[in-house]
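S.K.: Please see the structure below; I have some questions.
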Amino acid sequence: MAGGVVAGAALAGPVATAELTAAGRKVVLLDQEPESNLGGQAFWSFGGLFLIDSDEQRLMGIKDSRELAWQDWLGTAGFDRGVDDPGGQDYWAHKWAEAYVDFAEGEKRSWLHGLGIRWFPIVGWAERGGGLADGHGNSVPRFHVTSGTGPAVVEPFEKQVRAAVAGGKVTFEFRHRADEIVRTGGVVTGVRGAVLEPSTAARGKASSRTVVGDFELRAPVVIVTSGGIGANHDLVRQHWPAPLGTPPKFMVTGVPAYVDGRMLGITEAAGGRIVNPDRMWRRIRAMAPATVRAEIAAELSGTGILLLHTRDSDVRSLLK
C-alpha cells in the first residue's frame, strides 16, 4: 500500500511525484521503460517555456500582459465544444487554460527560478501565427529557452525524486507496465500490470516487451502522466481530424516507440474521460517514396545538387 502511484516517468511523472512527496505521501513511480528514459522526451527538448511579462521580456522591451496572453490563447485554441457546459469537451480545457495563463504570469517563473532553472536573455517567438493580437498564435515573443535546454528542465525534478528515493519516500518501479487501473466500489484504488524483463536500452531506443511477472499496487491516489500517441499510427488514424480528410497510409514517426497512447484507453476503461482526441498537433509534410528518391539520386549524381523537400509530382517532373 502506497500513499500514491504515478504511472509514467516522463517529465510530468517526476513533477507529480515531487508534489506528492512534498505533501507528505510515499509514492511509487512506475514506467514500462528502463530508467534510462526518466524525464521522457522533455530531455531532448529545446527547453522553451511559456512565460508572461517576464524579466527577460522586459529586458528586451517586449510588452506583454496576462490579458494579451489570454487573448492569444483563445485565438489559437478556438474553444467551441461546450465551454459553458460541464459536460462539454472544452469545459475543463478552458478552465485549465485560464489557470495556466495565470500561473505563467504569476508564480511559474519564481517557482522554477527557485529550483535553479535559468533562461537565456533572448526570448524566442515560437508559434507566432499571423503575428497579430486578434488571431492565431503568440502576438509577442514568449518562448523562454532554458539555459541547458531540456536536460536542465528535467534536472531539478529528477534531483527531488532521487533524493526522495534515498529518503525512503519514493520507490522506482521501472519495467512495470500498467495494464489496468483498479477500481473498488467505483473508486480508483490502484494499478495492476505486467513486469517486463530487464533492459539496458538507451534513452529513446525500443525495449523488450517480454513479460516475466505481474504486479498490483494499491493507493488512494493514482495519477496517470502518460498519453502521447505519436508512435501509434493506428491510434493516430483512428482519431484523425475530419477536416484533413483520409489519413495517410504512410506516416513518419518523430518520437520513440513507447509513445503508444496505451494509457488513454486504460484510463478511459477505468472511468476517465478522454476529450478532443481529434485535436492533434501533426506536422503535415510530403515525402517522396523511396523508389522515386532513388531515381532522383541517380539522375543528380555528380551534379552537386542536393534535393531536400519536394512534392511527389515535382520530383517526377524533374525526371522528365
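The values are calculated or read from the model by the stated rules, or taken from the named source; none is laboratory data. This one's a predicted model, so the numbers in the text were calculated from it and none came from an experiment. Every residue, glycine among them, receives a Cβ derived from its backbone with ideal geometry; neighbour counts consider all protein chains shown. Keep in mind that these areas ignore ligands, DNA and RNA; they rest on the heavy atoms of the full protein, side chains included. Shrake-Rupley method; radii C 1.70, N 1.55, O 1.52, S 1.80 Å.
S.K.: Being surrounded by fewer than 18 Cβ atoms within 10 Å (Cβ to Cβ) and part of a loop (DSSP other than H, G, I, E, B) is the filter here; which residues of the range 46-64 pass it?
M.R.: Across the range 46-64, the qualifying residues are Phe46, Met60, Gly61, Ile62, Lys63.
S.K.: Residue check, Leu11 against (1) open to solvent by less than 40 Å² (accessible area, probe 1.4 Å); (2) touching a helix residue (DSSP H, G or I) at 6+ places or on another chain (Cβ under 6 Å); (3) of a type in the set (A, V, I, L, M, F, W, C), all met but one. Which one?
M.R.: Result: Leu11 fails condition (1) only.
S.K.: Still on this structure: I need the full set of residues from the range 202-220 which are among the hydrophobic types (A, V, I, L, M, F, W, C), surrounded by fewer than 16 Cβ atoms within 10 Å (Cβ to Cβ) and part of a loop (DSSP other than H, G, I, E, B), in order please.
M.R.: Listed by number, the residues that qualify are Ala202, Ala206.
Conditions tested, residue by residue: (1) small (Gly, Ala, Ser); (2) free of Cβ contacts under 8 Å to residues at least 40 places away in the same chain; (3) out of contact with any Cys (no Cβ under 8 Å at 6 or more places or on another chain).
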{"site": "Gly168", "(1), (2), (3)": "yes, no, yes"}
{"site": "Thr184", "(1), (2), (3)": "no, yes, yes"}
{"site": "Val191", "(1), (2), (3)": "no, no, yes"}
{"site": "Leu196", "(1), (2), (3)": "no, no, yes"}
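S.K.: Identify all residues within the range 144-194 that are of a type in the set (Lys, Arg) and out of contact with any Pro (no Cβ under 7 Å at 6 or more places or on another chain); write none if there are none.
M.R.: Lys159, Arg162, Lys169, Arg177, Arg183, Arg192
S.K.: If you check Glu19 against the conditions, is it open to solvent by 60 Å² or more (accessible area, probe 1.4 Å) and among the acidic types (Asp, Glu)?
M.R.: Spelling it out, Glu19 is indeed open to solvent by 60 Å² or more (accessible area, probe 1.4 Å) and among the acidic types (Asp, Glu).
S.K.: If a residue has to be surrounded by 10 or more Cβ atoms within 10 Å (Cβ to Cβ) and in contact (Cβ under 8 Å) with a residue 12 or more places away in the chain to count, how many in the range 239-254 make the cut?
M.R.: 7
S.K.: Give me the residue from the range 119-145 that is among the β-branched types (Val, Ile, Thr) and surrounded by 13 or more Cβ atoms within 10 Å (Cβ to Cβ) and, out of that set, nearest to Leu68 (Cα to Cα).
M.R.: Top of the filtered list is Val140.
S.K.: Considering every residue within the range 178-185, establish whether at least one is open to solvent by 40 Å² or more (accessible area, probe 1.4 Å) and either assigned to a loop (DSSP other than H, G, I, E, B) or aromatic (Phe, Trp, Tyr) (or both).
M.R.: yes
S.K.: Something else about it: What residue, among those in the range 237-260 that are among the polar types (S, T, N, Q) and in a loop (DSSP other than H, G, I, E, B), is nearest to Ser208 (Cα to Cα)?
M.R.: Only one residue tops the list, namely Thr253.
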